[in-house]
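Enquirer: The structure that follows is given in the form of structure tokens.
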Amino acid sequence: MSFGTLDRKTAILWISGVAVILILRFFVLADRSSAVVPASESVPMAEKRLQRLRQIAATVPGKEALLKQASVELDTREKGMLKAETSAQAQAQLQELLHKVGAINGIDIRGLEDMRVKPFDNDYGEASVTVRFTCLIEQLVNLLAALANEPELLSTNQIQITGGPDKKKTIQVRLTLSGVVSKKLALEKKSGGAL
């Protein structure tokens, strides 16, 4: 090891160290705060803006009360909707309701012909169940009156009545009952594949 190479290595180390310190100081850790910019608004404009913001803030409690009132009204209107997690559950509720009201009126409603769920307006869905049964005309009238008195939002979409020649005056009825459900049930994809 000679004295000349040691000086050269030391000089290179010193120069590179000073270069690293200068780069850190002026580029990496540089003070990048921007200069103070004068206000773009004058005092009267700022006061007008503050007044407008205060007026807007003063309307917030009224708007919150209006929102609360609208929410309560919506809850009371949607009280009659069928509460179900899936479309099959909504259809089962309709079928059970038909069976219960039919039994009260002396009608045996067991068979299920068709079940559907489709969109109804922009915010809701419509679940429908079609059944077929035999009864007397008085029983049918009482069944329809009892369905109208149920708290759920129900309607009969389709009713077909066929009379018979028997002396008891029994009729064959095909009835489609619908109820209002949430829109997510109407948009629900059917499970299983088509053949």
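Enquirer: Can you name every residue in the stretch 144-192 that is assigned to a strand (DSSP E or B), under 28 Å from the mean Cα position of the chain (by Cα) and either of a type in the set (Ser, Thr, Tyr) or surrounded by fewer than 15 Cβ atoms within 10 Å (Cβ to Cβ) (or both)?
Expert: Across the stretch 144-192, the qualifying residues are Ser155, Thr156, Asn157, Thr176, Ser178, Ser182.
Enquirer: A follow-up question, please. Only one of these conditions is not met by Asp121: (1) over 24 Å from the mean Cα position of the chain (by Cα); (2) free of Cβ contacts under 8 Å to residues at least 40 places away in the same chain; (3) closer than 23 Å to Leu74 by Cβ. Which number is it?
Expert: Failed condition: (1).
Enquirer: What is the residue count in the stretch 55-101 for residues that are in the same structural domain as Leu147 (by TED's automatic domain parsing), more than 20 Å from Lys183 (Cα to Cα) and among the hydrophobic types (A, V, I, L, M, F, W, C)?
Expert: Count: 3.
Enquirer: Determine which member of the set Ala57, Ala90 is modelled with pLDDT under 90, within 30 Å of Glu126 (Cβ to Cβ) and part of a helix (DSSP H, G or I).
Expert: Checking each option against the conditions leaves just Ala90.
Enquirer: A further question on this structure: Given the conditions (1) at pLDDT 85 or above; (2) within 24 Å of Ala145 (Cα to Cα); (3) of a type outside the set (Phe, Trp, Tyr), and given that Glu73 satisfies all but one, which numbered condition is not satisfied?
Expert: (2)
Enquirer: Now a separate question. Suppose we filter the stretch 113-143 for residues that are surrounded by fewer than 16 Cβ atoms within 10 Å (Cβ to Cβ) and aliphatic (A, V, I, L, M); how many remain?
Expert: 3
Enquirer: Criterion first (in a helix (DSSP H, G or I), more than 34 Å from the chain's Cα centre (by Cα), on the phi < 0 side of the Ramachandran plot and at pLDDT 85 or above) does Ala19 satisfy it?
Expert: yes
The values are calculated or read from the model by the stated rules, or taken from the named source; none is laboratory data. On a predicted model such as this, the values are computed, not experimentally measured, just so you know. Here Cβ is always computed from backbone atoms with ideal geometry, including for glycine, and neighbour counts include all displayed protein chains.
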